[in-house]
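One structure below.
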Ligand SMILES: NC(=O)c1ccc[n+]([C@@H]2O[C@H](COP(=O)([O-])OP(=O)(O)OC[C@H]3O[C@@H](n4cnc5c(N)ncnc54)[C@H](OP(=O)(O)O)[C@@H]3O)[C@@H](O)[C@H]2O)c1
Ligand SMILES: *[C@@H]1O[C@H](CO)[C@@H](O)[C@H](O)[C@H]1NC(C)=O
């Protein structure tokens, strides 16, 4: 009898399905976007990386609520496809595509410049775009590519749009981080690709930690401005997030994911919660889990002195570019 026969055993199949159901029931959020009646008519929202995965469903939700939605994507073709889909499903024509490559500080500045020229307000900014498993690479700005994409680009973008958000208050900044930040480390030489090991999502984990650290410091700086900044873990979600991994790892991810992981639509729930829910009005500097519960982030993400240092470091890195 071959070892693989176990996978065809009815007991194995039944127990797997039962376990998958249990996991599905347990992760039910206490908040459901479908029963949240908040309207976003007259509000403007930006979602980065909105052409696929979690970002697309965040943007679709905002469009359904009547917002003016800007999809900030790096690919014209992929962005246009998502734009048409979101307009069609939501019936909201006020959805637009603007090109943005968050890994390039030039592109971030160009996007922000045009945005400030064209738009009168910004009420919701969701920093969603990110990469995982990128091989070692240094951008033309001299930054390690994952650090540029996942942290420095969104950091600069947020800072460039901040004045408009303050004028538009109440406004919310939502940073899509990850529970992986628990394994992250802070080392300022990493930003330039030094002393960095590209193994087991190490780089991704670090960037997701910087997301929370700087969002918390931003929240502190924004106190009493009417602009809030929170971080959120969307859950483990079946998206294209594994695209830079080997075929083997992708197969495992997709097979396990078929039973146990969230759909992109489900993954969008906790970021949408942070962006629109009435109960989070005025709540800032917090980290939310994938079931929309308020949880503590890792100890490093609660170190206020480190946060000041990290924020100032990232400001220096992005200011001249
Ligand atoms: N999936 C999970 O299990 C999981 C778990 C925890 C946290 N997250 C977080 O959830 C967020 C969304 O991820 P996802 O799972 O939806 O991944 P995804 O399917 O890979 O989507 C990522 C999005 O980001 C965009 N993007 C990547 N690099 C970019 C760049 N340089 N400039 C502009 N856009 C860029 C992608 O655009 P292209 O299509 O053009 O590449 C895509 O739209 C990320 O912040 C991720 O870290 C995901
Ligand atoms: C990154 O985080 C994941 C999830 O917590 C973990 O499995 C992995 O080992 C971490 N990588 C490192 C290098 O710590």
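Kindly indicate whether residue 69 is at pLDDT 95 or above, over 15 Å from the mean Cα position of the chain (by Cα), crowded, with 24+ Cβ neighbours inside 10 Å and closer than 25 Å to residue 278 by Cα.
For residue 69, the condition - at pLDDT 95 or above, over 15 Å from the mean Cα position of the chain (by Cα), crowded, with 24+ Cβ neighbours inside 10 Å and closer than 25 Å to residue 278 by Cα - is met.
I'd like to know if the range 228-247 contains one or more residues that are assigned to a helix (DSSP H, G or I) and either buried (at least 24 other Cβ atoms within 10 Å of the Cβ) or without any contact (Cβ under 8 Å) to a residue 24 or more places away in the chain (or both).
yes
What residue, of 179, 175, is more than 16 Å from ligand 2 (Cβ to nearest atom), under 19 Å from residue 270 (Cβ atoms), in contact with a helix residue (DSSP H, G or I) (Cβ under 9 Å, 6 or more places away or on another chain) and at pLDDT 95 or above?
Matching residue, one of 179, 175: 175.
Being touching a residue at least 40 places away in the same chain (Cβ under 8 Å), touching a helix residue (DSSP H, G or I) at 6+ places or on another chain (Cβ under 8 Å), within 16 Å of ligand 1 (Cβ to nearest atom) and part of a helix (DSSP H, G or I) is true for just one of 116, 152. Which residue is that?
So the residue among 116, 152 that is touching a residue at least 40 places away in the same chain (Cβ under 8 Å), touching a helix residue (DSSP H, G or I) at 6+ places or on another chain (Cβ under 8 Å), within 16 Å of ligand 1 (Cβ to nearest atom) and part of a helix (DSSP H, G or I) is 152.
Give all pairs with beta carbons closer than 7 Å in which a residue from the range 176-197 that is within 16 Å of ligand 1 (Cβ to nearest atom) meets a residue that is at pLDDT below 95; count only pairs at least 6 apart in sequence or on separate chains.
If the second residue must be at pLDDT below 95, the pairs left are 180/201.
Condition first: under 16 Å from residue 48 (Cα atoms), surrounded by 15 or more Cβ atoms within 10 Å (Cβ to Cβ) and out of contact with any helix residue (DSSP H, G or I) (no Cβ under 7 Å at 6 or more places or on another chain). Now tell me which residues in the range 79-95 satisfy that.
Within the range 79-95, 79, 81, 83 qualify.
Looking only at the range 256-278, how many residues end up being modelled with pLDDT of 95 or more and either away from ligand 1 (no atom under 14 Å from the Cβ) or touching a helix residue (DSSP H, G or I) at 6+ places or on another chain (Cβ under 8 Å) (or both)?
13
Does the range 211-226 contain any residue that is within 15 Å of ligand 1 (Cβ to nearest atom), under 18 Å from the mean Cα position of the chain (by Cα), at pLDDT 95 or above and farther than 25 Å from residue 112 by Cα?
The answer is no; no qualifying residue exists.
The values are calculated or read from the model by the stated rules, or taken from the named source; none is laboratory data. Being a predicted model, the structure only gives us computed values, none of them experimental. No Cβ is skipped: glycine too gets one built from the backbone with ideal geometry, and neighbour counts run over all protein chains shown.
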